[in-house]
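K.L.:
This is the structure, below, for whatever I ask next.
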Amino acid sequence: MSNIHHHVCRGRRRQEQRGVVLIITLILVVILSLLGTFAIRNATQTDRSINGIRSAEVAREAAETGLRFCEQVAIFDGDGKDYTEYGETGLRAKIIATTIASESDPLAAWRSDANWIQGSNVITVPEAYFKKDIAGNTAEAQLQTAPRCLIQKIETTSTPKLTGYLITARGFANNATFTAATGKTNRGAESWMQSVLTRGS
């Protein structure tokens, strides 16, 4: 009788041990599943961050391209000539003659969406310019949306008085959607840059 009781106790212990092992295994499976989920989520967030940084950089380079092009237009206008190197004509006529004192002037044209609508004074950088490889920069050669810029005459109130041009450029990453009818960017990365070209009077 005592031998039978001894075997029954051993059987119960084995069953209890198997039950504990099963619970521990299930807990480990859940933990590993959670770790896997977190790893995938972190990898996705990292990819998004990298893509965002890349898009912002492309937009910045596009804005620089627009700025360089429109600086040439302004320089040629200062010499009384039209900039026609890339087959564009009439760019001088797009320069806004309403004189402002600085980039923060309330009359600065770049502040209004209406001035960025195609057909107004906005200059769209020609494809032959923005798709060429400038100084080995391949990102500019991949641009899908043309950079845009506005040129406005400026006359400072400082002494000595300086006259020249305020140039505002907008560049767009390939994930950006620019609507020419409204002058606005609906989505995606966009970069703005300004420069002032002046001559002493």
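K.L.:
Consider only pairs whose beta carbons are under 8 Å apart and that are at least six residues apart or on different chains; among these, list those whose first residue lies in region 65-94 and is farther than 16 Å from I154 by Cβ and whose second residue is among the polar types (S, T, N, Q) and in a helix (DSSP H, G or I).
P.N.:
Y83/Q72; E85/Q72
K.L.:
Now, a different point. Restricting the search to region 74-89, which residues are modelled with pLDDT of 90 or more, among the acidic types (D, E) and open to solvent by less than 70 Å² (accessible area, probe 1.4 Å)?
P.N.:
D77, D82
K.L.:
Okay, next question. Give me the residue from region 51-73 that is of a type in the set (S, T, N, Q) and closer than 22 Å to G164 by Cα and, out of that set, most open to solvent (accessible area, probe 1.4 Å).
P.N.:
Checked region 51-73; the qualifying residue most open to solvent (accessible area, probe 1.4 Å) is Q72.
K.L.:
Going through region 127-161 one residue at a time, which ones are at pLDDT 85 or above and either buried (at least 16 other Cβ atoms within 10 Å of the Cβ) or among the polar types (S, T, N, Q) (or both)?
P.N.:
Scanning region 127-161 gives Y129, T145, A146, P147, R148, C149, L150, I151, Q152, K153, I154.
K.L.:
Just for region 162-175: of the residues that are crowded, with 21+ Cβ neighbours inside 10 Å and farther than 18 Å from P126 by Cα, which one is farthest from the chain's Cα centre (by Cα)?
P.N.:
Y165
The values are calculated or read from the model by the stated rules, or taken from the named source; none is laboratory data. All of these numbers come straight from a predicted model, not from anything done at the bench. Glycine gets a Cβ as well: all are built from the backbone with ideal geometry, and neighbour counts include every protein chain shown. Heads up: the accessible areas ignore ligands, DNA and RNA and are worked out on the full protein's heavy atoms, side chains in. Shrake-Rupley method; radii C 1.70, N 1.55, O 1.52, S 1.80 Å.
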